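**Q** Once you've had a glance at the structure underneath, I'll fire off some questions.
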């Protein structure tokens, strides 16, 4: 899939719909479907393939059979399915698989506009219909361009695993600083949602759970090897509020900081 394919083709939207539940998605011949996740994440299953966790977008191609979309049982998710054709019908369009972008806000804005335009209830003149059709085509072209360009951009930079390893390294070196999900996502060149899913998949923990676990382990080492007061240790491992530190410490270790120190004597 590349821009050479896109240049001679004209995308036309046939249908756009939203869903928040699991379903099986068929892709009829000569049509394509673009799944865009607006909230949460979903997993996409194909026959004889490992499921793909998707928090941004996924391109479905008619040559690859049906797709089972599953929403996590304990989570909520919302996604949009755009069904479209490419003209001329004999043109080559091979977009398929997971797509990434750094421009989710732009994508979601255009989705809102596409849904609003599609749901227009008042009677339209032929001229208004033509204008709406042309506008929807331009927005779909823009969406495809963003995914095509930015998916290649992020792939060229580094693999997802490498990005997570760099984030882990940064957190281990700077655990005492104020670390936020948006800041770490910018460092990784990903959206917050995409980084959250990848981080959990690779480490088995949420990012904040990992950070708190790391900070408490560092605090335990300071208690064992220094004479610092508990409030000083809390500040040095990144907790502004001592009460919060004490609460997290007990949750992670089963004891309060003072109990932990008493047990070492």
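**Q** Report the extension gain between residue 166 and residue 141 in nm, rounded to one decimal, defined as 0.36 nm multiplied by the number of residues separating them, less their alpha carbon distance.
**A** So the chain would gain 5.6 nm between residue 166 and residue 141.
**Q** Could you work out how far apart the two model spin labels at residue 252 and residue 48 are, taking each label as a point 7 Å from the Cα in the direction of the beta carbon, and quote it in nm?
**A** 4.7 nm
**Q** Could I ask something else about it? Relative to the longest principal axis of the chain, what angle (0 to 90°, nearest 10) does the C-alpha long axis of helix 192-203 take?
**A** It is inclined by approximately 60 degrees.
**Q** When the expected Rg is taken as 2.2 N^0.38 Å, what fraction or multiple of it is the alpha-carbon Rg of segment 3-157?
**A** 1.04
**Q** What number results when the radius of gyration of segment 160-204, computed over Cα atoms, is divided by 2.2 N^0.38 Å?
**A** Dividing the Cα Rg of segment 160-204 by 2.2 N^0.38 Å gives 1.03.
**Q** With the cut-off at 14 Å, report for segment 208-264 the share of all Cα pairs above it, as a whole percent.
**A** When every Cα pair of segment 208-264 is considered, 45 percent fall beyond 14 Å.
**Q** If I model a spin label at residue 75 and residue 108 as a point 7 Å from the Cα along the Cα→Cβ vector, what separation in nanometres do I get?
**A** Modelled inter-label distance: 1.5 nm.
**Q** Mean separation of Cα pairs under 8 Å and 6+ residues apart, divided by the residue count of segment 123-265: what relative contact order is that in percent?
**A** Relative contact order comes out at 17 percent.
**Q** Taking segment 131-265 on its own, what percent of its Cα-Cα pair distances exceed 21 Å?
**A** Result for the distance tail: 54 percent.
**Q** Order these peptides, 183-189, 170-176, 24-30, by their mean beta-carbon neighbour count within 10 angstrom, highest first.
**A** Output ranking for 183-189, 170-176, 24-30: 183-189, 170-176, 24-30.
**Q** Still on this structure, I have one more. Between helix 160-173 and the chain, what is the angle of the helix's C-alpha long axis to the longest principal axis, kept within 0 to 90° and rounded to the nearest 10?
**A** It works out to around 30 degrees.
**Q** Moving on. What does the highest-first list of 36-44, 48-56 look like by mean Cβ count within 10 Å?
**A** With the highest mean Cβ count within 10 Å placed first, the list reads 36-44, 48-56.
**Q** Find the Rg to Rh ratio for the chain, where Rh is the Kirkwood radius over alpha-carbon pairs and Rg uses the same atoms.
**A** Using Cα coordinates only, the ratio equals 1.12.
**Q** Related question: Using a Förster distance of 51 Å, how high is the FRET efficiency between residue 261 and residue 181, based on the Cβ-Cβ distance and rounded to 0.05?
**A** After rounding, the FRET efficiency stands at 0.95.
**Q** Looking at segment 24-105 from every direction and averaging, what is the projected area of its Cα convex hull in nm²?
**A** 5.9 nm²
**Q** Going by alpha carbons, how many degrees (0 to 90, nearest 10) lie between the helix axis of 126-157 and the longest principal axis of the chain?
**A** Around 40 degrees separate the two axes.
Any read-out appearing in this document is the output of simple, stated calculations on the displayed coordinates, not a laboratory observation. Only a predicted model underlies this, so the values are computations on that prediction, with no experimental measurement involved. Every residue, glycine as well, gets a Cβ built from its backbone with ideal geometry; the counts of neighbours run over all protein chains shown.
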